[in-house]
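Quick note: the coordinates plus some simple rules give every number you see, no bench work behind them. Please read all numbers here as calculations on a predicted model, not as lab measurements. So basically every Cβ, Gly included, is an ideal-geometry build from the backbone, and we count neighbours across all protein chains shown.
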Amino acid sequence: MAISEDLPGGWSEPLTPDFYQYRWQPLTSVRLQGSTVVVGWADGTELACYSLWLAENADGLGLHPQTRECMVDPGDLPSPEALTEASLGPRGELSLRWSLPTGALITEVHPGWLRHIADGGQLPEASLPSIETWTAATFGEPPSVSGEAVLEDDAVLAEWLSLLCRFGIARLQNTPTDQEFCEQLGRRIGPIRGSNFGAVFSVQAMVEPNSTANTGLGLGQHTDLPTRETPPGFQLLHCVVNNVAGGFSRLTDGHSVVNELRTSHAEHYEALTTLNWVFANRSATDDHRWTGPFIDHSEDGLPLTLRAFSPVRGFPAMSPADVPRAYAALRAFSEVAHDPRFQIRFAFAPGDVVGFDNRRVLHGRDGFAEGGGLRLLRGCYMDHDDLYSRLRVLNRRSAARIDADEGTQNA
Ligand SMILES: [Fe+2]
């Protein structure tokens, strides 16, 4: 708990139920309406807080001072009427009086923490960049950051991850070309998500390929592992060697593809979002399966999950009468996904790392002549959750530094 040195008596600002630092934003009004406290600020913003939610988050009542989590089971919370008074504290904090079986208790709530909730700062997307949809007219190559210092410099990592979240693609250039680098980079971000291809995998032409990726064949625009309930959120591909002719990489923003289908091919869009397929990988040792549509919107439309990999699209899970229009819709999807208006095409250089949102962005490549050189990529997957968490924490540290530089008061 931080001590505000400019306040008399060594008074401690109220503990917040997290590890963030909040500007002190004094309340100007507090009123208790039944079991709900309505707090307000000078600019007219208000927030309604139910008594039991305040109890769960109150230092001295529900809040565990070390973990900053609520330590009280809902069955053990006091009655809603245990909150008997709510008032404006002398420094603009919220002061609460509780009447508990153990006696009366006064707790205080940080007004800056309440304000960040009133402003929506607690929402998952609040501390991440807004998504920007792109086409081939937006840029010809992935937005890029110089990556020499990415393993040591948090600012470089944060800049690259911010671009990755914003556009769904971002490139690091001039990174080392050793085969361990991809794993080092992945682990710097968070846990690597393994698959039946291993934690870190190689993409290169093989004598006995275990995937079409490991041949010199061209690959149509696709997303990886739609056979999973939740396909991997991000994919990192690190170029170790590339001296083949051809093999250009291609990326397409799924949001642009979905928008084009929705507006110009509504009938196909409807089929792609409502008709299900069973996706199943073909392997002697593994059998992953999941049923879902080709374009999979979550409840509120985000995050988008494209289940767009026809080599593992195994079986129609729909009425036989719907199968012809399902195939017509797949053809329309493919045409839009490969339309030069939406697709960027670029060469991998040794030391490049291209990160992309595997559920949003379609990737593919041109074919190349096997035996005419070596094209070796090292790759790994990460879940959205872990990469987003890393970026939020980097942004948290950055915000703390900015506040310190500006001399603002923090809890
Ligand atoms: Fe792939």
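The table that follows gives values for the structure above.
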item: Rg to Rh quotient for the chain, alpha carbon positions, Kirkwood Rh; result: 1.07
item: Residue 139/residue 389 FRET efficiency (R0 35 Å; Cβ-Cβ; nearest 0.05); result: 0.80
item: Formal net charge of residues neighbouring residue 40 (Cβ-Cβ distance under 12 Å; K, R +1; D, E -1); result: 0
item: Options 19, 71, 355, ranked by Cα towards positive dipole end of the chain, top entry (Cβ charges); result: 355
item: Residue-averaged 222 nm ellipticity for the chain, from DSSP H runs of 4+ at -39500 (n - 2.57), nearest 500; result: -7000 deg cm²/dmol
item: Residue with peak Gaussian network fluctuation, the chain [Cα springs, cutoff 10 Å], from 323, 240, 354; result: 323
item: Neighbour-count ranking [beta-carbon atoms within 10 angstrom, fewest first] of 31, 166; result: 31, 166
item: Rounded to 10°, Cα long-axis angle of helix 154-167 versus longest principal axis of the chain; result: 70 degrees
item: Simple spin-label estimate for residue 325 and residue 241 in nanometres, 7 Å along Cα-Cβ; result: 5.2 nm
item: Packing-based exposure ordering (other Cβ within 10 Å, fewest first) of 289, 390; result: 289, 390
item: Charge dipole (debye, nearest 20) of the chain; +1 at Cβ of Lys and Arg, -1 at Cβ of Asp and Glu; result: 1140 debye
item: Exposure proxy order (Cβ contacts within 10 Å, fewest to most) of 24, 160; result: 24, 160
item: Normalised per residue, the volume of the convex hull around the Cα set of the range 93-232 (Å³); result: 230 Å³
item: Two-decimal Rg/Rh across the range 8-122, once Rg and the Kirkwood Rh are taken from alpha-carbon atoms; result: 0.94
item: Positive minus negative residues near residue 227 (Lys, Arg vs Asp, Glu; Cβ under 11 Å); result: +1
